[in-house]
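*Asks:* Dropping the structure in here first, questions after.
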Amino acid sequence: MPDTACGFHDMPILDMPAPPASVKRNARRRRLRSRLLRAGREAVDERELLELLLAGCHAGNDSAALAAGLIERFGTASRALAARPDRLRGTPGMTEDAVAALKAAEALGIAMAREAVPDAVRPSLGNYREVIDYCRTLAGHREVEEFRTLFLDRRNALIADRLHQRGTVSHTPAYPREICIRALEMQASAVIVLHNHPTGSTEPSRADIETTKRIDRALKTIEVTLLDHVIVTPTAALSFKHSGLL
């Protein structure tokens, strides 16, 4: 009688279908989320943070690929957050929800930095470090030069910060008369001006130095003090006050 028993090794091997891509993406997001919540910010890199931020806007899409595309295009996550909406829209895969999520994250970062600014802003004190950090958060990661003004009251407490002008990669105009008008409108007693250098160098140009002198002279005519001019990049800052240029 023939042996018809079928052992386990005789059973046909069936190819199991690979899990859908969405299952893999969701599993990866859960791992990233768990790692971030368990071990904190240091446990994930900036691309992974972007991925988590975008995941809510791309539930059925590949937020990892989108995050990688943003890093490739803008260089860093911070530069991606600081990019103009029209530049973000030019990245393949970006939706309006994703653009809004990045700009909301940028706004929250600026709000957090502003809360760290001490009530009294005095360049001679150690807490001026928070002011410099705030300036870097405002403009350090911008793709083009921006000239901004911080308006302070009699106690040197921050009243408001305002974008004065937006220029090109290597130049932005600054108009002392407009700064004076804003200072009078806000009843400011002192001002800190700042602009960024997208090139990454904090070295002031001759035009930067001359512009600072013109602003200083103009503010003195309305009895407002120019406390400082700060040049910022993504990784550094230069204070005219501390450098002896003001």
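Quick note: the coordinates plus some simple rules give every number you see, no bench work behind them. Not measured: the values here are computed from a predicted model. As a convention, Cβ positions derive from the backbone with ideal geometry for all residues, glycine included, and neighbour counts pool all protein chains shown.
*Asks:* By per-residue mean of other Cβ atoms within 10 Å, what is the highest-first order of 201-211, 97-107?
*Replies:* Ranked by mean Cβ neighbours within 10 Å, highest first: 97-107, 201-211.
*Asks:* Sticking with this structure for a sec: Could you tell me which of rounded, prolate or oblate describes the range 21-112, using a ≥ b ≥ c as the square roots of the eigenvalues of the alpha-carbon gyration tensor, with rounded for a/c under 1.5 and, failing that, prolate when a/b is larger than b/c and oblate otherwise?
*Replies:* oblate
*Asks:* Please give the peptides 40-48, 154-162, 74-82 ranked by average Cβ packing (other Cβ atoms within 10 Å per residue), highest first, as a rough proxy for protection.
*Replies:* Peptide ranking by packing, descending: 74-82, 154-162, 40-48.
*Asks:* Which residues' amide hydrogens lie under 5 Å from the amide hydrogen of THR225, considering only partners 5 or more residues apart or on another chain, with H built in the peptide plane?
*Replies:* ALA190, VAL191
*Asks:* Leaving out same-chain residues fewer than 8 places away, which aspartates and glutamates sit with a Cα under 18 Å from that of LYS24?
*Replies:* In chain and number order, the partners are GLU48, GLU51, ASP62.
*Asks:* While we're here: Show the residues, 5+ positions off or on another chain, whose built amide H is closer than 5 Å to the amide H of HIS164.
*Replies:* PHE147, ARG148, THR149
*Asks:* Quick check: residue separation of GLU72 and LYS241 times 0.36 nm, minus the Cα distance between them. What number comes out in nm?
*Replies:* Here the answer is 57.2 nm.
*Asks:* Ranking MET186, MET94, MET112 by Cβ neighbours within 10 Å, fewest first, what do you get?
*Replies:* Fewest-to-most Cβ neighbours within 10 Å comes out as MET112, MET186, MET94.
*Asks:* Once a ≥ b ≥ c are taken as the square roots of the eigenvalues of the Cα gyration tensor of the range 118-239, is the result rounded (a/c under 1.5), prolate (a/b larger than b/c) or oblate (a/b not larger than b/c)?
*Replies:* In terms of gyration-tensor shape, oblate.
*Asks:* Sticking with this structure for a sec: Run the reach check for LYS241 against lysines, Cα to Cα strictly under 16 Å, same-chain hits fewer than 8 apart removed. What comes back?
*Replies:* Candidates past the 8-residue exclusion: LYS213.
*Asks:* First measure r as the distance between the Cβ atoms of SER205 and SER34, then evaluate 1/(1 + (r/R0)^6) with R0 = 45 Å and state the FRET efficiency to the nearest 0.05.
*Replies:* Plugging the Cβ-Cβ distance into 1/(1 + (r/R0)^6) gives 0.40.
*Asks:* I would also like to ask the following. What is the sum of charges, Lys and Arg at +1 and Asp and Glu at -1, for the other residues whose Cβ falls under 12 Å from the Cβ of LEU88?
*Replies:* +1
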